Every structure is written in structure tokens, then in C-alpha cells.
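The values are calculated or read from the model by the stated rules, or taken from the named source; none is laboratory data. These numbers come from a predicted model, not from an experiment. Note that each Cβ is placed from the backbone with ideal geometry, even for glycine, and that neighbours are counted across all protein chains shown.
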Amino acid sequence: MSFESLGLAPVLLRALAEQNYSEPTPIQAAAIPVALSGRDLLAGAQTGTGKTAAFALPLLQRLFASATPPQGKRRPRALILTPTRELAAQVHENLRTYARHLRIHATTVFGGVGMGPQIDALRRGVDVIVATPGRLIDHLERRSVDLSTIEMLVLDEADRMLDMGFLPAIKRVLGALPQKRQTLLFSATFADEIKALARQFMHDPAEIQVAARNSVAATVTHRVHPVDATRKRDLLLHLLAEDSRRQTLVFSRTKHGADKLSLWLEKSGLSSAAIHGNKSQGARTRALKEFKNGKVTVLVATDIAARGLDIDQLPIVINYDLPMVAEDYVHRIGRTGRAGAEGLAVSLVTHDETHLLRDIRRLLRQEIAIDNVEGFAPERALSLDAPGGGGARRPQGKSGKPNHARRPHVQAPGNKTGGHFAAKKPRTWRGGERDARPARG
């Protein structure tokens, strides 16, 4: 199948050819014809699938096909909602690539930066707004944005937005949109919460899903290195020193831990930067840019970086700390092994983290190779078959009751145009690793 067979306009095909995109990914092949037909769409897709192009190309074609010379200021005709600033910036960048031969104006609206430039861009007039819910609500409250002319709405990573507590904000935005519009919703899963949301504001949506739940790219090799907690940092340095020029994404469980680890790596002679929710947007953008261009070789991140970061040809991801929830492991390693490339996912696991590793193996439904690194073998071996491995308890809520496991999600092979998802039960936004608060009141 080719992009030509999907019914895309020649100007879009030209832009795709200039990027050497010749064949659509499964989500693109399934979603683009439905979106071009004007029907609402409920689509299940995971990171690396080419999801962004699956909604961006038909969106641009709709705007191009019905474009008329603007009478006065341009008014927004399409709105794309994303959960994080990084994903919003990535989607905007992809839109600009696909629309390079079109006279279509787009802008981003997200928190962490001043509102002044955003207000100026909206005042000048745009065709497409890519926004996070919290900051868009701020603009609605200031009356600096008018959504009454929106013809097409895209909810990207809908499950992630629900998990972050953005449901009230989403409903408020929906209330500012025309009822007659086309809506495309992309989610890692079709969990009950997603279907309930779709029933509220979508009209007879088509449903497509491109991969089995909780699958990971077959090109990713998983490896566990057992280690004592006191020697974990030294083992990380040992692994990084094997090839100090190799781009490596390292995941830390906490923001403070990410900063400490990055600083220690710098003092040890490696070029490193940290990215997490307490960093300013400028610092996050700069760290990611330097990582992509090779100035920084080790990026230490919290789970905020597990989604929405479009990093090509990343050879290895290291879990310095295992995630507390197994599904987050899949989101993390989705940064490597993309578009058919080989990738390596390494986890440094202490005895107290054994229960977390067991949950990950159960979720993936596959064995993970356990390999002792010479000179770093732990005093206590991992015991994956013993219940409660290591005696560590599962994370508990404030009530003292165990937290329930989150819902599974979708993973599929794809290309570098894709975005990224998670699937968890809704919970109240509590700050920290979030773009902005949900709408007030």
C-alpha cells in the first residue's frame, strides 16, 4: 500500500516524499481513509506507530480542500489536545513538516512559558491550535481564544489526559466547541473510561485498533542486571563507559534522584542532562535538543519523558529505577526499537525491586534475561518465583489499601512520525510531573 492509494492530496504526498516516507504504517493505513471520509474515529495506537501522521494528514487535507481566502483575521478551524508540552511541540513540528507546501498557520498553546507570545499568535490568527488542556482553559478564561469555528477536534493520548485529571478541563473545552464537528480520539486502550468519554461527545465513531495489548516491539532486547542498591550507581557508570558516545536514556523514579544522578555522571566525565516536571520549559527543550544533536549523550529522565519524545534511532534505554507500575515499563522502552530498528532495554534491579520485575514479566508475558555483570553480582540473588519477592510491599494509597493495577495499553511497530500513550485509571492531578492543572471549579 502507498500513501497515494489513501487519497491524499498531491501537496501532502510531495511533503511525505521529501521526508522519504513511502509506505503508510498500519495505523495510518486504517485511520486516514476513515478520517478523510469525515466520520468520527476512535483509534487505538501506541508510540512509534506513526499515529501523529494518521490524524495530521487528513486534518491538513480537510483544511486545504476547503480553504478560502481569509476575510480579515484567520480563525482557528482545528484543535489538537495533548497531555504534555513535549507532545504538543512534537505534533506542531510534524504539522509544519507535512504542511510545508500549504498556506496553513498553526501555533502551540501550553504551560511553562509566558502567555504573551501565545496571545499575540492567536490575535494574529491561526488555522490550527495544538494545546494542552490547562493552558487552553487559561486562554478561554482570558477570552484570548475563540473556539466557536473549530471544524475538527483531535484528542491525542486521551487515556493519558484522563489519568492526569484533565477530564473536567476537556469537558469545559468541549463546551466551547461547535456541536457539529469531526472528532478523532487516539488512545492506547479502549478502556471503559475512554468509551464513556466517546459516547458523550462523539457521533457513531468508527473503531480501529492496530496491535495487541501490552505488546512491545519485537526488535527490543530486554536484559536485567541484578545489583546491590549501594553499587547501582557504579554499575550504571560501568555500562555507560562501555561506549561513552552512545546516546542513552536513563530513567530515574524521582525528580530529585534524576538531578543527583545527572550531576554525578557529569562529575564522572560524561555529558549528561536531566529532564523532569520541575524543570522550566526552556530547560526541558534545551536538554532534549542537546540530546538529539549529540551534545548530551546521557539524558536522565523521570516518567515525563516516557511519552511524546520523538527520538530517532535511540539504541538503549536503562531503567536505573524500575517503575512502580508495570505498564510504565512499556512506555519507557517505547523510546528504543522504533520503526523496525534494534533496541536494548536494560534494568538495574535490586533485591527490594524484585516484585516490580515480577509484575513487568507478568505484563509482558515473556521471560527477561537476567545477567550478572562481572564484579557487580549482588549479595542476595533475585528470587522471581517467591511470592512478594524481596519482602517489598506494593505501593499503597492514603487509605492504606493496595493500589489497583492500571489498565493495559497498546503497542505497535511504526515510524518516526508517531506519538506516544499510557493507559491508567483516572486519578486526581497532584502537580509535579504534569503540564498544568485541570480546570478550576
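Kindly evaluate His92 against the criterion of being under 23 Å from Gly50 (Cα atoms) and without any contact (Cβ under 8 Å) to a residue 60 or more places away in the chain. Walk me through it before giving the result.
On the way: under 23 Å from Gly50 (Cα atoms): yes; without any contact (Cβ under 8 Å) to a residue 60 or more places away in the chain: yes.
The answer is yes for His92.
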**Complete:** The number of residues in the range 146-180 that are on the phi > 0 side of the Ramachandran plot and buried (at least 20 other Cβ atoms within 10 Å of the Cβ) is 1
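So if I check each of Leu265, Leu288, Leu249, which one is assigned by TED's automatic domain parsing to the domain that holds Val330, in a helix (DSSP H, G or I) and closer than 20 Å to Gly343 by Cα?
Leu288
Is the range 61-74 home to any residue that is surrounded by 20 or more Cβ atoms within 10 Å (Cβ to Cβ) and under 22 Å from Phe190 (Cα atoms)? Reasoning before the result, please.
To start, the set of residues in the range 61-74 that are surrounded by 20 or more Cβ atoms within 10 Å (Cβ to Cβ) comprises 61, 63.
Remaining after also requiring under 22 Å from Phe190 (Cα atoms): none.
So far as the range 61-74 goes, no, none of its residues is surrounded by 20 or more Cβ atoms within 10 Å (Cβ to Cβ) and under 22 Å from Phe190 (Cα atoms).
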**Message:** at pLDDT below 80, touching a helix residue (DSSP H, G or I) at 6+ places or on another chain (Cβ under 7 Å) and not basic (Lys, Arg): which single residue out of Ala301, Ala306, Ala339 fits that description?
**Reply:** Ala306
**Prompt:** If you go through the range 103-112 one residue at a time, do you hit one that is crowded, with 22+ Cβ neighbours inside 10 Å, out of contact with any Leu (no Cβ under 8 Å at 6 or more places or on another chain) and at pLDDT 90 or above?
**Reply:** yes
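Quick test for you: out of Ala30, Ala54, pick the one residue that is touching a residue at least 24 places away in the same chain (Cβ under 8 Å) and buried (at least 24 other Cβ atoms within 10 Å of the Cβ). It would help to see each step written out before you state the result.
Values: Ala30 fails: buried (at least 24 other Cβ atoms within 10 Å of the Cβ).
Testing whether each residue is touching a residue at least 24 places away in the same chain (Cβ under 8 Å) and buried (at least 24 other Cβ atoms within 10 Å of the Cβ) leaves just Ala54.
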